[in-house]
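Enquirer: One structure, pasted below without further comment.
A short reminder: the numbers here are calculations on the coordinates, not readings from a lab. Values in this document were obtained by computation on a predicted structure and should not be read as measured data. Counting neighbours? That spans all protein chains shown, and the Cβs are built from the backbone with ideal geometry, glycine included.
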Amino acid sequence: MSTKTRGSWVQSANEELCDFPIENLPFGSFFKRHEINPSPCIGVAIGNQVLNLTALAMAQLQSSPLITPQIEELLNLFKGQHLNAYMARSSKDHQLFRFFLIQCLSVNSPLQSQLNPHLIAQDEVTMLRPCSIQDYSDFYASIHHATTVGAMFRPDQPLMPNYKWIPIGYHGRASSIVPSGTPIRRPSGQTKGSGNQAPFVQPSRRLDYELEMGVFIGAGNAMGQAIAMADSKEHFFGLCLLNDWSARDIQGWEYQPLGPFLAKNFASTISPWIVTREALEPFAREFTRVESDPQPLDYLSDATTLAQGAYDIRLQTWLETQQMREQQLGPVKLMESNFHEAMYWSLFQLITHHASNGCNLNPGDLLGTGTMSGPQKDQAGSLLELSEGGKTPLQLPNGETRTFLENGDTIILKAFCERDGYPRIGFGQCSGTITA
Ligand code: MN
């Protein structure tokens, strides 16, 4: 059972199953829906409210011992259009500002009356991408996903010989990353059935989701300068949920020899709140690899980093079909896995590997982890795996079946962290509905 260590004067933050208690405080960007000329603001989620940091930074705050010159300087960063200026700061600054926010929002805060006007109900705002995302790469870090999918394409050699030595990834497309709630249009593309002589173009018939986590980069590295494993934590800002929508029929025809392209880049949905490294700290645990497997090369090894290199995060996928919506049945849970069980590579190894050739990462860059499938068959993070390549349809409770996504289907990703003696924190939702 979780216990609250701190209470907030924002009452909704103290409710048992709230995703955003005072221990979480994730960052996001939004505009107020009812404003005539809405401009984007940066905020922090607390309970069912958003604390508008942009408005707070603009306000004339009465002097208080809580508002030191350092805090004032950090607060000024939220006057800008994007969260990136804040993300780029050191983890020391992030800790300092987090401590300020916790003091502000705790019961008996001396700033309560000054903050109160800058709270807005979450259902009165439209969430945007949390920061400016200039670059996006996607990895393939679950060995369970890689093995199951590999077996479909190469039954005699499911796992490629490089898999246990090098984190596999590709460069994705940042322009089509959209916040939760954005409708997803079924892509058309070139495909070739095994019985066909020539390829043809049609709307995808094997449209799938991928349950992933998104890793946001905080401070960047200069081009030509690698990031040592021991420094990788300094570059990790936080996590969100990521749905890497995938058209399997387009993918099957286009992916060789250069990898994913149009099967992936038509849309990727992210949850709008970035749960920070500081909020995740109580849920960090040792990152281990079975002893019989090759141990990571030196540049990907650092005992101190890996001792806290994994996070215990429960991940879930839910489906609501058009028919379920009409029958008011509510979404059905398709699967559940755990972030630390799914990851064959620590997210810190992904960061270090990405920069190991001197590639420069920038504040706000997004790294997808790859589909987060667990070791069991029912822990698979895509329909491709759950339906065994479309051969075994899923039976839904209302009598419908699914191999791949139909128009009107809504996929909802959820995640939360639980640990005895700590308040539970959640990620909010990452949801998208397929349209024709
Ligand atoms: Mn992916």
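Enquirer: Within a Cβ distance under 15 Å of residue 398, other residues only, what is the Lys/Arg minus Asp/Glu net charge? Before the final figure, lay out the partial values.
Expert: On the way: positive: 325, 333, 402; negative: 320, 326, 400, 406, 409.
Result for the local shell: -2.
Enquirer: Let me ask something else about it. At a threshold of 8 angstrom on Cα-Cα distance, excluding pairs fewer than six apart, so keeping six or more, what relative contact order does the stretch 346-436 reach in percent?
Expert: Details: 86 pairs, mean separation 13.9, N = 91.
Relative CO of the stretch 346-436 lands at 15 percent.
Enquirer: What is the order of 233, 192, fewest Cβ neighbours within 10 Å to most?
Expert: Working: 233 19, 192 14.
Ascending Cβ contact count within 10 Å gives the list 192, 233.
Enquirer: If you don't mind, there's one more thing I want to ask. What does the convex hull of the alpha-carbon atoms of the chain project to on average, in nm²? Don't jump to the answer; show the numbers that get you there.
Expert: On the way: hull surface 90.8 nm².
Reported value for the Cα convex hull: 22.7 nm².
Enquirer: Among 240, 417, what is the fewest-to-most ranking by other Cβ atoms within 10 Å? Walk me through the intermediate numbers first.
Expert: On the way: 240 27, 417 24.
Fewest-to-most ranking of 240, 417: 417, 240.
Enquirer: From the helices alone, meaning DSSP H stretches of at least four residues, give me the mean residue ellipticity at 222 nm for the chain, per-run term -39500 (n - 2.57), in deg cm²/dmol to the nearest 500. Present the calculation step by step, with values, prior to reporting the outcome.
Expert: Details: 13 runs with 86 residues, N = 436.
Computed mean residue ellipticity for the chain: -5000 deg cm²/dmol.
Enquirer: Cα gyration tensor of the stretch 255-321, axes a ≥ b ≥ c as square roots of the eigenvalues: rounded (a/c below 1.5), prolate (a/b > b/c) or oblate? Mind dumping the intermediate values first?
Expert: Numbers: a/c = 2.23, a/b = 1.28, b/c = 1.75.
Oblate shape, in that a/c is at least 1.5 and b/c is the bigger or equal ratio.
Enquirer: Right, something else. Using a ≥ b ≥ c from the Cα gyration tensor of the stretch 3-140 (square roots of the eigenvalues), is it rounded, prolate or oblate, where a/c under 1.5 gives rounded and otherwise the larger of a/b and b/c decides, a/b for prolate?
Expert: It comes out rounded by the Cα gyration axes.
Enquirer: Next up: Determine which lysines satisfy two conditions relative to residue 233: a Cα distance under 22 Å, and not lying fewer than 8 residues away in the same chain.
Expert: Hits, sequence-local ones excluded: 92.
Enquirer: Turning to a different aspect of this structure: Can you give me the C-alpha center-to-center distance between the stretch 365-436 and the stretch 294-352, rounded to a whole angstrom?
Expert: Going from one Cα centre to the other spans 11 Å.
Enquirer: Given 37 °C and 0.692 mPa s, compute D for the stretch 4-82 with the Stokes-Einstein relation, Rh being the Kirkwood radius over Cα pairs; round to the nearest whole µm²/s.
Expert: The calculation lands on 235 µm²/s.
Enquirer: Let me ask something additional. Taking the Cα centre of the chain as origin, sum charge times position over the Cβ atoms of Lys and Arg (+1) and Asp and Glu (-1), and report the length of that vector in debye to the nearest 20. All intermediate terms of the calculation are to be shown ahead of the outcome.
Expert: Values: 32 positive and 42 negative charges, 130 e Å.
Approximately 620 debye in magnitude.
Enquirer: Shape call for the stretch 57-102 from the C-alpha gyration tensor, a ≥ b ≥ c root eigenvalues: rounded (a/c under 1.5), prolate (a/b greater than b/c) or oblate?
Expert: oblate
Enquirer: Be a star and scan the stretch 184-204 for residues whose amide nitrogen sits under 19 Å from the point 7 Å along the Cα-to-Cβ vector of residue 261.
Expert: Under cut-off, by backbone N: 187-193, 198-204.
Enquirer: Right, here's the next one. For the chain, what does the relative contact order come out to in percent, with C-alpha contacts under 8 Å and a separation of six or more? Can you show the working numbers first?
Expert: Values: 1009 pairs, mean separation 94.2, N = 436.
The value is 22 percent.
Enquirer: How many angstrom separate the Cα center of the stretch 212-230 from the Cα center of the stretch 97-166?
Expert: So the separation of the two Cα centres works out to 15 Å.
Enquirer: For the chain, modelled as a Gaussian network with Cα springs under 10 Å, which listed residue fluctuates most, 329, 75, 159?
Expert: 329
Enquirer: To the nearest 0.05, how large is the calculated FRET efficiency for residue 58 and residue 228 if R₀ is 41 Å and r is the Cβ-Cβ distance?
Expert: FRET efficiency, residue 58 to residue 228: 0.55.
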